[in-house]
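A short write-up of the structure that comes next.
The values are calculated or read from the model by the stated rules, or taken from the named source; none is laboratory data. Note that this is a predicted model, so its numbers are computed, not measured. Positions of Cβ are generated from backbone atoms using ideal geometry, with glycine treated the same way; all protein chains shown enter the neighbour counts. Remember, those area values only see protein heavy atoms, side chains included, never the ligands or the DNA or RNA. Shrake-Rupley method; radii C 1.70, N 1.55, O 1.52, S 1.80 Å.
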Amino acid sequence: MDANRRARALAARLPLGTLSRRLGGTVVAPDDDAYADARRVWNGLVNEYPTAIAYCESVTDVRESVSFAREHEIPTAVRSGGHSVSGASVVSGGLVVDCSRMEWVRVDPDDRVARVGPGATWATFDRATQSFGLATPGGVVSDTGVAGLTLGGGTGYLTPKHGFTADNLRAVDVVTGRGERVTATADRNPALFWAARGGGTPGVVTAFEFDLHPLDHDVCFFESWLPAESAADALRTYRRYQRDAPEESCVSPYFARVPESEDVDFSADRRGDLALVLSGVYTGDPERVREEFEPFLDREDAFAASVETMAYVDLQSAMDHDFPAGRRYYWKSVPLADFDDEAIGALRASAAEAPSALSTVVVWPMHGAIERVPESATPLAGRDADVVVNVEAAWDDPAATPENVEWVRETCRRFRDLTPSHGTLPNFAGGREATAADVYGRDAERLRTVRERYDPDGVFAYERA
Ligand SMILES: Cc1cc2nc3c(=O)[nH]c(=O)nc-3n(C[C@H](O)[C@H](O)[C@H](O)COP(=O)(O)OP(=O)(O)OC[C@H]3O[C@@H](n4cnc5c(N)ncnc54)[C@H](O)[C@@H]3O)c2cc1C
């Protein structure tokens, strides 16, 4: 039976009307008009047919949904921003507990803390916190969910200065798989708190609390497009720069094809060429940006370059248009202990082999605050890496899926062969096939223990095995 028919058959056997009456929110089932949109997530590669989607509007709604799932033994996925690249927030034949309507952010500027509903996106978060001149490291695309990004670690432009997003977490409120409502902090339910800082949670987070940091001035962004032939030299310059890079700087070079579109300001003879893009953000004094990025600016080999000063909220949404919903995506990453010449050569070779012109290979810096947090404080790997390489395939043609997925996997195998490392960034871990051991290495077993304790019936067992 295909997944769609199976979802309908399962829905017909469940008392979804009862769940619907218990919720302040709504339940969408396969026969409803809203179902076609409700089952979709940001990644067009994900094509799941849940039995029902419960749109929760309160903690009570969440508890009712979890009780219903436990009572009827339905596999359950939690969805907030819906941007899980692997599609982990939607499950065929199961219940989706959707938190997107629980979108609120409350800022206490005196205590420098933000309390956040699970449905908040980074756009909502950054607007609320910036109105007080405060911020915490968040994702670089504004419609991504605060919830999933934090539970998977979270990297952003402020990471060198303030760590992973999860490093800035003070507390989470969770409805566990048992249906209990608990608060987890470093002192209360510490094992659950440890897991939530990058390892997901065996339940539904209904509120997050984050530390906030002052950021009350404009920030700077630069980009320089170089021909691929310049890549080795430019990346060696980057490597030297990274050794003493200030924590206000986040430089992330990436390989991309020059866009074909005439809307973009590149000379026609470059379109479609492979390029290395030196791209960086400076959140220190804007007056110092030219001095700070001197090794990257005014390179004679750059065929397009810009330096801009802008509000932090504008920076945070500047890349939104590059990641449209509905396109097909497959992303994976590898922490590199040594960003040596061999790695630089492999980067360029892999980027040149990408089957889709929309794909990129990104180098993400791993310096600063993340190195100061002990490995044992969170389940996140890679704190001691030089850089992380994110291999990000994007394509439109469904027939091109196998070659794009294989390109990402092969590229990551190539990097794994170069460097001794364990685990990867959970937010860039590939598809559903990635196991907890692949992502968390030696912490996978500790995470399993936390899951067994807070979700003994396996309501959320659908999450990474
Ligand atoms: C365009 C784009 C840009 C990105 N940029 C960055 C970036 O800059 N930095 C970075 O670190 N990552 C980035 N990511 C990866 C992103 O952090 C993850 O995909 C993240 O999981 C998305 O969170 P979400 O809430 O939108 O997703 P969802 O799909 O809603 O959820 C993702 C995961 O979290 C779980 N989850 C969601 N809500 C809850 C909850 N309330 N309680 C318990 N579990 C929950 C889900 O079950 C699922 O496993 C990006 C992704 C995209 C698509």
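Among the residues of the stretch 202-213, is any in a loop (DSSP other than H, G, I, E, B) and under 23 Å from residue 375 (Cβ atoms)?
Yes: the stretch 202-213 contains one or more residues that are in a loop (DSSP other than H, G, I, E, B) and under 23 Å from residue 375 (Cβ atoms).
Would you point out which residue out of 378, 435 is under 24 Å from residue 203 (Cβ atoms), in contact (Cβ under 8 Å) with a residue 24 or more places away in the chain and surrounded by fewer than 16 Cβ atoms within 10 Å (Cβ to Cβ)?
Among 378, 435, only 435 is under 24 Å from residue 203 (Cβ atoms), in contact (Cβ under 8 Å) with a residue 24 or more places away in the chain and surrounded by fewer than 16 Cβ atoms within 10 Å (Cβ to Cβ).
Taking the criterion of being away from the ligand (no atom under 13 Å from the Cβ) and surrounded by 14 or more Cβ atoms within 10 Å (Cβ to Cβ), would at least one residue in the stretch 314-328 satisfy it? So that I can check it myself, show each step before the final result.
We begin by selecting, within the stretch 314-328, every residue away from the ligand (no atom under 13 Å from the Cβ); these are 314.
Right, trim to surrounded by 14 or more Cβ atoms within 10 Å (Cβ to Cβ) and you get 314.
Taking every residue of the stretch 314-328 in turn, at least one turns out to be away from the ligand (no atom under 13 Å from the Cβ) and surrounded by 14 or more Cβ atoms within 10 Å (Cβ to Cβ).
One line per residue, one yes/no per condition, for (1) part of a strand (DSSP E or B); (2) without any contact (Cβ under 8 Å) to a residue 12 or more places away in the chain; (3) under 20 Å from residue 258 (Cα atoms); (4) under 16 Å from the mean Cα position of the chain (by Cα):
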| position | (1), (2), (3), (4) |
| --- | --- |
| 332 | yes, no, no, yes |
| 384 | no, no, no, no |
| 392 | yes, no, yes, yes |
| 403 | no, no, no, no |
| 411 | no, no, no, no |
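With respect to residue 286, is the statement that it is open to solvent by 30 Å² or more (accessible area, probe 1.4 Å), touching a residue at least 12 places away in the same chain (Cβ under 8 Å), touching a Phe, Trp or Tyr at 6+ places or on another chain (Cβ under 7 Å) and not assigned by TED's automatic domain parsing to the domain that holds residue 39 true?
It is false that residue 286 is open to solvent by 30 Å² or more (accessible area, probe 1.4 Å), touching a residue at least 12 places away in the same chain (Cβ under 8 Å), touching a Phe, Trp or Tyr at 6+ places or on another chain (Cβ under 7 Å) and not assigned by TED's automatic domain parsing to the domain that holds residue 39.
Return yes or no: is residue 387 more than 13 Å from the ligand (Cβ to nearest atom) and touching a strand residue (DSSP E or B) at 6+ places or on another chain (Cβ under 6 Å)?
Yes.
Among the residues of the stretch 68-123, how many are outside any strand (DSSP E or B), of a type in the set (Asp, Glu) and under 23 Å from the mean Cα position of the chain (by Cα)?
The total comes to 1.
Pairs only if they're at least six apart or on different chains, beta carbon under 6 angstrom, first in the stretch 128-144 and under 20 Å from residue 82 (Cβ atoms), second among the aliphatic types (A, V, I, L, M) and within 13 Å of the ligand (Cβ to nearest atom); list them, first residue then second.
What qualifies is 139/149; 140/319; 141/319; 142/123.
Identify, please: which residue in the stretch 4-28 is within 21 Å of residue 102 (Cβ to Cβ) and within 29 Å of the chain's Cα centre (by Cα) and is, among those, most open to solvent (accessible area, probe 1.4 Å)?
Checked the stretch 4-28; the qualifying residue most open to solvent (accessible area, probe 1.4 Å) is 26.
Please find, among 59, 96, 28, 46, the residue that is among the β-branched types (Val, Ile, Thr) and in contact (Cβ under 8 Å) with a residue 60 or more places away in the chain.
None of the others qualify; the one that does is 59.
Hey, among the residues in the stretch 151-166 that are outside any loop (DSSP other than H, G, I, E, B) and buried (at least 24 other Cβ atoms within 10 Å of the Cβ), which one's farthest from the ligand (Cβ to nearest atom)?
160
Suppose we filter 457, 443 for residues that are acidic (Asp, Glu), over 19 Å from the mean Cα position of the chain (by Cα) and assigned to a loop (DSSP other than H, G, I, E, B); which single one remains?
457 is the lone residue from the list that is acidic (Asp, Glu), over 19 Å from the mean Cα position of the chain (by Cα) and assigned to a loop (DSSP other than H, G, I, E, B).
Any chance you could count how many residues in the stretch 60-90 are open to solvent by 20 Å² or more (accessible area, probe 1.4 Å) and away from the ligand (no atom under 11 Å from the Cβ)?
Selection size over the stretch 60-90: 9.
Can you give me the number of residues within the stretch 124-142 that are assigned to a loop (DSSP other than H, G, I, E, B) and at negative phi? Before the answer, list the steps.
Residues of the stretch 124-142 assigned to a loop (DSSP other than H, G, I, E, B): 131-133, 136-142.
Restricting the remaining residues to those that are at negative phi gives 131-132, 136-142.
Final tally of qualifying residues: 9.
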